[in-house]
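The values are calculated or read from the model by the stated rules, or taken from the named source; none is laboratory data. Just so you know, these numbers come straight off a predicted model, no measurement behind them. Note that we place each Cβ from the backbone using ideal geometry, even for glycine, and neighbour counts take in every protein chain shown. We work out accessible area using only protein heavy atoms, side chains counted, and drop any ligands, DNA or RNA first. Shrake-Rupley method; radii C 1.70, N 1.55, O 1.52, S 1.80 Å.
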Amino acid sequence: MVELYILLVFMILGAVVAIEVKDLLSSVVAVGAVGLGLSIVFLVLKAPDVAITQLVVEILCLIILIRATLKKDLPFSTSGRWLFNTLVICVFITIFLFAAIKCLKDLPEFGHPIMRVASTYLEEGLKKTGATNLVSSVILDYRAYDTLGEATILFTAVIGVLAIVRRIGRKKVTDEDTEVKENE
Amino acid sequence: MSREHEKGMSLIVKTITRLTVGLIFLYGVYIVLHGHVSPGGGFAGGVIIALSFIHLMLAYGKEAAFKKLSKAKASFFESAGAILFLTIAILGFRAGYFFLNFLSKGEPFRLFSAGTIPCGNVAISLKVGAGLFAIFTALVLLKINSEKK
């Protein structure tokens, strides 16, 4: 449990650094440190599937973020109504913490889940599906509907990105645009 | 910046990429195929496969990466993965109910076991790998074009 708290403090510090640092590239690196800490937390909690996925997706997101932020001086708005903003944030955090204390009291203790459905999977999963990795037997056999929905979401997201970014539908074709087309 | 995209990075990066990118791709395929035996699965393996192509594109420029996996091929593989996954579901429906595990289970800890679960892993990895590569190329090419103006 101690290493878990150390990692949590590390992640919170990384998130604060990512918000407060003025340089965008350093901020992206801090976000990457938070993701790495989260991946190690999953490993400590004995969830290697989620740890692998978290690490790999984090790397992909970092590459895209670095490509998007490198050599680009985006302005930071540090001036303005900071007193009003800070007050609003404090009020909302207080409301959220109060609601969390009220609502999360009835949840089972950390590390002692109820395991009403999951115990059935643990006992009969190997016999019924033949897969020794029970996570994959759940996501592709017992709960395959969820995976179908997730696949549909990803498909729609890819189609959406390609439809927004494609060159055919864009308006305002200037001379520079035609040059770019000829170069490619 | 945009010239770096066309030609790739330095000689050191290119040499190390040439040595490692095939291993990264094979590791992705391994994680996909052993998704029902060991940790991993279709999503993680698919992202690793996409990362190997992105690695190639970052080191060698976009032409070398498009020679291996062009945009049309990427969208073909993505659609093929989606249709393959739906086909597995409908074949199960023909045998009984939706997503029925209709193939034989085999014995545990073998590569060819667990019925339709490895097929689903392969379909999802095709979808995720090609889809993420397509998203990455779309965003990067958009950025290059906006920098050229």
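When B:VAL140 is tested against the conditions (1) at pLDDT below 80; (2) more than 7 Å from chain A (Cβ to nearest Cβ); (3) open to solvent by less than 60 Å² (accessible area, probe 1.4 Å), the lone failure is (2). Scanning the range A:142-166 for residues that are closer than 24 Å to B:PHE102 by Cβ and among the basic types (Lys, Arg) yields a count of 1. Condition first: open to solvent by less than 30 Å² (accessible area, probe 1.4 Å), outside any helix (DSSP H, G or I) and not aliphatic (A, V, I, L, M). Now tell me which residues in the range B:105-120 satisfy that. Answer for the range B:105-120, where residues must be open to solvent by less than 30 Å² (accessible area, probe 1.4 Å), outside any helix (DSSP H, G or I) and not aliphatic (A, V, I, L, M): B:SER113, B:GLY115, B:THR116. Only a single criterion out of (1) within 17 Å of the chain's Cα centre (by Cα); (2) within 11 Å of another protein chain (Cβ to nearest Cβ) is not satisfied by B:THR116, namely (1). Evaluate the range A:81-91: report whether one residue or more is more than 26 Å from the chain's Cα centre (by Cα) and either within 22 Å of A:MET1 (Cβ to Cβ) or not in a helix (DSSP H, G or I) (or both). Yes - at least one qualifying residue is present in the range A:81-91.
Name the single residue that is nearest to the other protein chains (Cβ to nearest Cβ) among those in the range A:41-54 being assigned to a helix (DSSP H, G or I) and surrounded by fewer than 19 Cβ atoms within 10 Å (Cβ to Cβ). It would help to see each step written out before you state the result.
From the range A:41-54, those assigned to a helix (DSSP H, G or I) are A:41-44, A:48-54; that's our starting set.
Those still in the list that are surrounded by fewer than 19 Cβ atoms within 10 Å (Cβ to Cβ) too: A:42-44, A:48, A:50.
On the way: A:PHE42: 11, A:LEU43: 10, A:VAL44: 15, A:PRO48: 4, A:VAL50: 9 Å.
Once the filter is applied, the top-ranked residue is A:PRO48.
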